[in-house]
Amino acid sequence: MTSRLKLLALAATPALLVAAIPAAYAAQPHAAHAAVAGDVVSGLGTQAAKTGSVAAGKHLNIAVSLAPRNAAGLATFVGQVSDPHSADYGHYLTKAQFQARFGRTDSEVKQVKDYLRSQGLTVGTVHSGNLLIDAGGTAAQLEKAFSTKLGTYKDAATGRSFYANTSAPTLPSSIASIVSDVSGLNNRSVLHHTAATSVRPHNGPGGGYTPAQIKGGYNVPSSDTGSGQTVGLVEFDGFQASNISTYVKNYSLGSPAPTVSKVDGGSGALGDGQVEVELDIEMINAVAPKANVKVFEAPNTDAGETDMYQAIVDAGVKTTSSSWGEAETERTASNMEAVDAIVQEGASEGLGLYAAAGDDGSDDAGDGGQSVDYPASDPYVTGVGGTRLTVTSGNAWSKETAWSDGGGGVSEQFSLPSYQSGVEKSQGGGNRQVPDVAALADTTPGVSIYSQGEWTLVGGTSAAAPEWAAFGADYNQQATAAGAPDLGFANPALYAANGTGFHDITSGSNGAFSAGSGWDFVTGWGSYNAVTLTSELLGE
């Protein structure tokens with residue numbers, strides 16, 4: 001859609017009891033508890049009126065996130081393995097190596113599982129890396145397990161009904177120190193897709209740029225097809241295979257049919273997010289036509305999001321695009337910390353994530369202030385802003401300006417990562433700066449896609465993020481052929497390029513910020529020139 005690793009503000013805790021069993025917890029109902037910091041939504045009672053309580057027998061699924069072991073060491077390792085100037089560059093960890101170095105121990109995981117079971121909860125999958133445990137139970141069981149209440153609310157601004165825990169969940173102090181988040185206790189957060197439509201005609205069947213114009217504009221050679229690569233897509237809605245095949249056939253792309261991996265039962269019936277899913281798939285087909293596309297579908301909840309990113313890491317997908325996000329100010333700090341840990345796990349294993357920076361300019365929350373979109377604001381994610389691209393009659397790059405609605409600004413959650421130290425701006429105040437890069441997003445000209453049974457023109461950073469993920473797949477194809485490591489988490493290498501291989505975009509603004517020479521808050525380093533950036537990253 002992070003260099004400062006947020007430490008939990010928990011009470012001091014005794015050493016973990018490796019021999020804990022459910023009966024032991026049940027026998028100590030008054031044992032000291034500590035709260036999971038930042039794990040309650042803001043505005044309850046002020047921005048949302050309480051309407052009642054969640055029915056005691058209602059079943060809810062949760063995901064319990066565990067903080068990485070040696071978090072500082074993990075941050076250091078990811079920085080080194082992603083830095084082309086480091087001797088460790090490209091020496092990614094296996095899943096077993098990650099778990100041994102940075103995951104929680106089996107005994108620690110057992111303690112958490114034993115406690116959950118002692119409260120009557122059903123424990124499901126323990127995911128790779130020992131940082132996420134799935135569980136479920138009734139509302140009454142969850143209230144007892146986490147010493148909180150689950151209320152129902154109605155949002156004053158939107159009228160939307162939701163449920164939420166009325167206070168931060170608490171756990172026995174012996175395990176609270178390693179738990180960073182319990183997702184699934186509220187369903188207030190709904191991630192938004194950022195696809196924007198327009199009716200202005202251009203060259204494609206529905207108006208907007210064609211694959212040839214996009215690839216030509218970004219100097220992507222015909223030999224760069226993403227062959228042998230897999231691109232993952234983060235989705236909270238579904239798609240119709242017939243729409244994708246129509247797009248592929250119209251442009252003679254020969255792309256393999258996308259596959260689907262349903263997380264937590266999938267996304268449910270097709271909704272208004274269908275255009276987002278089909279846009280994402282078709283942008284990968286346009287720029288990396290031979291890449292395999294794996295669509296991960298999950299419920300649009302915080303638990304669904306956490307499990308989605310973990311499923312992508314579990315699957316080992318090397319390049320992933322996300323066009324779904326929400327302003328940092330509309331999320332819980334603990335949920336962002338949980339996703340951040342998963343993304344770091346992926347980065348240590350050579351996985352890269354590109355996320356749309358949002359389509360509301362410098363005011364992502366739409367409240368009249370300044371805010372940025374998460375996960376694009378995570379320092380272990382490549383945040384992608386938007387541009388207006390103009391190509392020549394021969395489909396070559398002509399000019400590019402910043403898109404006025406492209407997201408960008410300063411994170412309130414994460415501090416400045418080391419790779420941004422050379423471009424730190426005074427407005428940043430020592431915090432993470434967004435975006436990192438940019439690509440075609442403006443609905444003038446937009447991109448031509450086939451969705452919901454018709455050709456249409458679509459834009460937004462929802463188009464820009466998969467355009468960059470497709471470059472990642474094309475690059476990995478070339479790196480494999482050259483015997484070089486995959487790109488993985490791209491930011492350290494992209495910043496080390498210091499503008500080489502980019503179209504530097506120096507005009508336009510997104511509200512509070514203006515584009516300028518070098519890195520800026522609207523377009524980051526700019527858009528890519530595939531030939532020169534690939535050569536730079538390969539050290540040729």
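Does the stretch 222-275 hold any residues that are part of a loop (DSSP other than H, G, I, E, B) and β-branched (Val, Ile, Thr), and which are they?
Of everything in the stretch 222-275, those that are part of a loop (DSSP other than H, G, I, E, B) and β-branched (Val, Ile, Thr) turn out to be Thr225, Val263.
Picking from Gly325, Gly406, which residue would you name as being surrounded by 23 or more Cβ atoms within 10 Å (Cβ to Cβ) and under 27 Å from Thr210 (Cβ atoms)?
From the options Gly325, Gly406, the qualifying one is Gly406.
Exactly one condition in (1) within 23 Å of the chain's Cα centre (by Cα); (2) over 29 Å from Gly137 (Cβ atoms); (3) not basic (Lys, Arg) is false for Ser86; which is it?
Going through the list (1) within 23 Å of the chain's Cα centre (by Cα); (2) over 29 Å from Gly137 (Cβ atoms); (3) not basic (Lys, Arg), Ser86 breaks only (1).
Out of Ser323, Ser334, which single residue is in contact with a helix residue (DSSP H, G or I) (Cβ under 7 Å, 6 or more places away or on another chain) and closer than 24 Å to Gly366 by Cα?
After ruling out the rest, the residue left standing is Ser323.
Any residue in the stretch 282-302 that is modelled with pLDDT under 95 and buried (at least 23 other Cβ atoms within 10 Å of the Cβ) sitting within a Cβ distance under 6 Å of a residue that is in a loop (DSSP other than H, G, I, E, B) and of a type in the set (Gly, Ala, Ser)? List the pairs, counting only those 6 or more apart or interchain.
Every condition considered, the pairs that remain are Asp302/Ser189.
Which one of Thr230, Thr259, Thr225 is in the same structural domain as Val317 (by TED's automatic domain parsing), out of contact with any strand residue (DSSP E or B) (no Cβ under 7 Å at 6 or more places or on another chain) and of a type in the set (Val, Ile, Thr)?
Of Thr230, Thr259, Thr225, the one residue that is in the same structural domain as Val317 (by TED's automatic domain parsing), out of contact with any strand residue (DSSP E or B) (no Cβ under 7 Å at 6 or more places or on another chain) and of a type in the set (Val, Ile, Thr) is Thr225.
Can you confirm whether Asp314 is outside any loop (DSSP other than H, G, I, E, B), among the acidic types (Asp, Glu), under 12 Å from the mean Cα position of the chain (by Cα) and at pLDDT 95 or above?
So Asp314 does not fit the description; no.
So Asn187 passes all but one of these: (1) more than 25 Å from the chain's Cα centre (by Cα); (2) at pLDDT 90 or above; (3) in a loop (DSSP other than H, G, I, E, B). Which condition number does it fail?
Among (1) more than 25 Å from the chain's Cα centre (by Cα); (2) at pLDDT 90 or above; (3) in a loop (DSSP other than H, G, I, E, B), Asn187 violates only (1).
Outside any loop (DSSP other than H, G, I, E, B), of a type in the set (Gly, Ala, Ser), over 25 Å from Thr523 (Cβ atoms) and out of contact with any Pro (no Cβ under 6 Å at 6 or more places or on another chain): does that describe Ala347?
no
The values are calculated or read from the model by the stated rules, or taken from the named source; none is laboratory data. No experiment lies behind these values; they were computed from the predicted model shown. Glycine gets a Cβ as well: all are built from the backbone with ideal geometry, and neighbour counts include every protein chain shown.
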